[in-house]
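The values are calculated or read from the model by the stated rules, or taken from the named source; none is laboratory data. Everything numeric in this text was worked out from a predicted model, so none of it was measured. A quick note on method: Cβ atoms are made from the backbone with ideal geometry, for glycine too, and the neighbour counts reach across all protein chains shown. Calculation scope for accessible area: heavy atoms of the full protein, side chains included, ligands and nucleic acids excluded. Shrake-Rupley method; radii C 1.70, N 1.55, O 1.52, S 1.80 Å.
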Amino acid sequence: MPAVPGGEATVLWEHAGSVVERLFGLHLQGERLPDLKRSLRGAASELGLSDAEACARLLVSEKLDDAGVEILASHLTIGETYFFRDQEAFAALSAHVLSELIEQRRRTGNRQLRIWSAACCTGEETYSIAIQLQQLLPDIANWQINLLGTDVNPRFLRTAAEGVYGQWSFRGTSPDFRARHFRQLAGGRYVLSPTIRRIAHFASLNLADEAALAGMRDGDFDLVLCRNVLMYFTSAQASKVVEALHGSLREEGWLAVAPCEASQTLFAGFRALHCDGAILYRKGPAPDRHGSAPKDAGIPAAMPVRTHPAGTRAAHEASLRFPKPVTPLPAPRRATPPAKAQEAALPVKAIAARARALADQRRMDEALACCDRWIAAEKLDPAAHCLRGMILAETGNMPEASAAFERSLYLAPDGVMAGLALANLERTRGREKHAARHYRNILALLERLPPDADLEHAEGISVRQLTSLVRDLMVAGDHT
Ligand SMILES: C[S@@+](CC[C@H](N)C(=O)[O-])C[C@H]1O[C@@H](n2cnc3c(N)ncnc32)[C@H](O)[C@@H]1O
């Protein structure tokens with residue numbers, strides 16, 4: 001057979017991709033090969049290897065020890081998460097799932113709840129549930145709560161156990177959330193209150209490890225969250241995981257996945273329920289082909305909401321609605337970063353979107369590089385400088401972050417988010433007078449805007465909400 005140019009390297013990378021798939025279930029072949037190479041480049045420098053290829057060789061030699069596998073996991077996984085990520089899902093979990101479970105357990109006198117947040121990353125998802133439980137259970141001390149967060153990345157788990165977060169973790173929350181549940185530390189970080197931290201615990205669990213999954217099968221969990229991870233797996237791996245999650249749930253237990261992961265095929269063993277814009281899955285007999293549920297479930301597809309006695313399971317489920325058929329789980333679809341050359345050819349808008357997406361995924365080095373390209377293309381865009389400041393603050397580079405926010409404010413003096421970020425930075429540096437001046441400016445700017453308007457790049461936070469946050473912050477610093 002004629003030699004294929006670059007054939008040896010191709011074989012090496014295909015082999016490395018298949019080892020990664022076996023070890024972690026992650027699909028990093030084909031169009032995602034650049035992601036694999038980037039990750040192995042990062043792992044190589046930590047393993048003392050010359051480059052990504054050397055790391056790929058070590059990987060396929062199967063000589064990686066446990067510590068090496070941990071390093072690899074740390075570089076291959078994506079840590080995009082934040083508190084109450086997907087507000088609709090959390091609202092549905094609180095209003096329909098947790099409330100129902102609590103009510104039912106109170107009735108039977110069995111004050112226990114078992115919840116598993118699989119692929120919990122740095123813990124924001126798990127603690128979001130802990131916060132909801134604390135709100136729903138005034139007598140939480142009398143309950144036996146097992147709230148477990150697991151992940152394959154040991155570094156993420158360490159952050160989760162510490163409960164210390166940067167600004168980026170709060171991007172999906174209402175303004176007073178941080179003030180209520182966290183205490184500010186030096187360097188712009190925030191530590192979660194011990195009362196909430198105590199509710200959750202964390203452990204290492206690789207969803208591609210069949211023995212570990214088997215250990216969870218008799219779990220008897222009431223609720224499992226497995227969000228934004230199945231999409232990174234091969235479909236065979238995703239099926240194995242879903243089967244194990246099914247086994248880990250008690251009958252009528254709930255499963256929450258991300259909306260983009262919804263799939264009739266993959267979750268065939270569950271009933272799918274649309275609930276206030278979120279999809280939840282429930283263990284139990286699936287509806288038949290005509291969309292009606294089996295008799296014992298008592299929930300014909302189009303049942304009017306109020307025909308069931310209040311408080312029954314059927315009443316509860318009828319208040320949700322069956323979803324339209326959803327398409328099968330799409331092929332894993334993490335965006336493949338375009339090569340630098342391709343990126344240079346992108347319109348500025350696309351570069352800006354990419355910088356935001358990279359920051360969302362906490363790929364901060366890449367986000368910063370992309371943001372710099374954005375600034376190179378459009379030096380006077382205040383949003384670019386503001387994002388740069390956010391990224392720098394997240395990576396702990398406060399002086400440069402501060403300069404970036406100043407630049408953003410210089411270009412757009414009415415920039416509320418840059419002003420707020422700068423005020424918070426000033427506070428962490430102990431410069432209360434400067435912070436106060438920025439807070440006052442922000443309040444003056446907000447007064448000129450309609451209270452219900454959403455602020456740009458503020459994760460759906462309204463003018464009214466931000467006004468109340470800034471007032472709280474001023475009270476906290478005694479600047480009223
Ligand atoms: C994008 S984050 C999702 C975090 C959180 N569930 C959420 O939705 O915000 C994906 C997480 O899956 C984890 N992960 C990837 N492969 C895994 C595996 N084989 N076993 C367990 N966790 C894995 C990563 O470490 C990362 O924390």
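For the stretch 186-205, the criterion of a residue being within 11 Å of the ligand (Cβ to nearest atom) and touching a Phe, Trp or Tyr at 6+ places or on another chain (Cβ under 7 Å) is satisfied by no position.
Among the candidates V257, V191, the residue that is within 26 Å of E88 (Cβ to Cβ) and either open to solvent by 20 Å² or more (accessible area, probe 1.4 Å) or in contact with a strand residue (DSSP E or B) (Cβ under 8 Å, 6 or more places away or on another chain) (or both) is uniquely V257.
Is it the case that the stretch 377-396 has a residue that's in contact with a helix residue (DSSP H, G or I) (Cβ under 9 Å, 6 or more places away or on another chain), within 30 Å of V229 (Cβ to Cβ) and of a type in the set (S, T, N, Q)? Checking the stretch 377-396: at least one residue is in contact with a helix residue (DSSP H, G or I) (Cβ under 9 Å, 6 or more places away or on another chain), within 30 Å of V229 (Cβ to Cβ) and of a type in the set (S, T, N, Q). For the structure I just gave you, tell me whether V69 is closer than 30 Å to C275 by Cβ and assigned to a helix (DSSP H, G or I). The answer is no for V69.
Taking the conditions (1) at pLDDT 95 or above; (2) away from the ligand (no atom under 16 Å from the Cβ); (3) open to solvent by less than 40 Å² (accessible area, probe 1.4 Å) in turn, H96 satisfies each one other than (1). Could you list all residues from the stretch 56-83 that are closer than 30 Å to Y190 by Cβ and of a type in the set (D, E, K, R)? Those that are closer than 30 Å to Y190 by Cβ and of a type in the set (D, E, K, R): E70, E80. Scanning the stretch 75-117 for residues that are part of a loop (DSSP other than H, G, I, E, B), among the small types (G, A, S) and closer than 21 Å to N228 by Cβ returns a single hit, G79. Every listed requirement among (1) buried (at least 19 other Cβ atoms within 10 Å of the Cβ); (2) away from the ligand (no atom under 16 Å from the Cβ); (3) touching a residue at least 60 places away in the same chain (Cβ under 8 Å) is met by Q134 save one, (1).
Out of all the residues in the stretch 430-442, which are open to solvent by 30 Å² or more (accessible area, probe 1.4 Å) and either within 14 Å of L469 (Cα to Cα) or in contact with a Gly (Cβ under 7 Å, 6 or more places away or on another chain) (or both)?
Within the stretch 430-442, E432, R440, N441 meet the criteria.
The residues of the stretch 450-460 that are buried (at least 16 other Cβ atoms within 10 Å of the Cβ) and either modelled with pLDDT of 85 or more or touching a strand residue (DSSP E or B) at 6+ places or on another chain (Cβ under 9 Å) (or both) amount to a single one, L455. Across the stretch 412-459, the number of residues qualifying as farther than 23 Å from G187 by Cβ, of a type in the set (A, V, I, L, M), in contact with a helix residue (DSSP H, G or I) (Cβ under 8 Å, 6 or more places away or on another chain) and not in a loop (DSSP other than H, G, I, E, B) comes to 4. Remark: L273 matches the filter, which requires a residue to be in the same structural domain as A200 (by TED's automatic domain parsing), over 19 Å from L148 (Cα atoms), open to solvent by less than 10 Å² (accessible area, probe 1.4 Å) and away from the ligand (no atom under 15 Å from the Cβ).
All told, V164 meets the bar of being within 16 Å of the chain's Cα centre (by Cα) and more than 16 Å from the ligand (Cβ to nearest atom).
Going residue by residue through the stretch 78-90, is there one that turns out to be open to solvent by 10 Å² or more (accessible area, probe 1.4 Å), away from the ligand (no atom under 11 Å from the Cβ) and under 30 Å from L137 (Cα atoms)? Yes: the stretch 78-90 contains one or more residues that are open to solvent by 10 Å² or more (accessible area, probe 1.4 Å), away from the ligand (no atom under 11 Å from the Cβ) and under 30 Å from L137 (Cα atoms). Mind telling me which of the residues T126, T150, T159 ends up being closer than 25 Å to L245 by Cβ, open to solvent by 20 Å² or more (accessible area, probe 1.4 Å) and within 15 Å of the ligand (Cβ to nearest atom)? Just one listed residue meets the conditions, T159. Looking across the stretch 41-58, the residues that are surrounded by 14 or more Cβ atoms within 10 Å (Cβ to Cβ) and under 13 Å from A9 (Cβ atoms) come down to A52, E53, A54, A56, R57. Suppose the filter is away from the ligand (no atom under 16 Å from the Cβ) and assigned by TED's automatic domain parsing to the domain that holds L93; does R171 pass it? Considered against the rule, which asks whether it is away from the ligand (no atom under 16 Å from the Cβ) and assigned by TED's automatic domain parsing to the domain that holds L93, R171 comes out as no.
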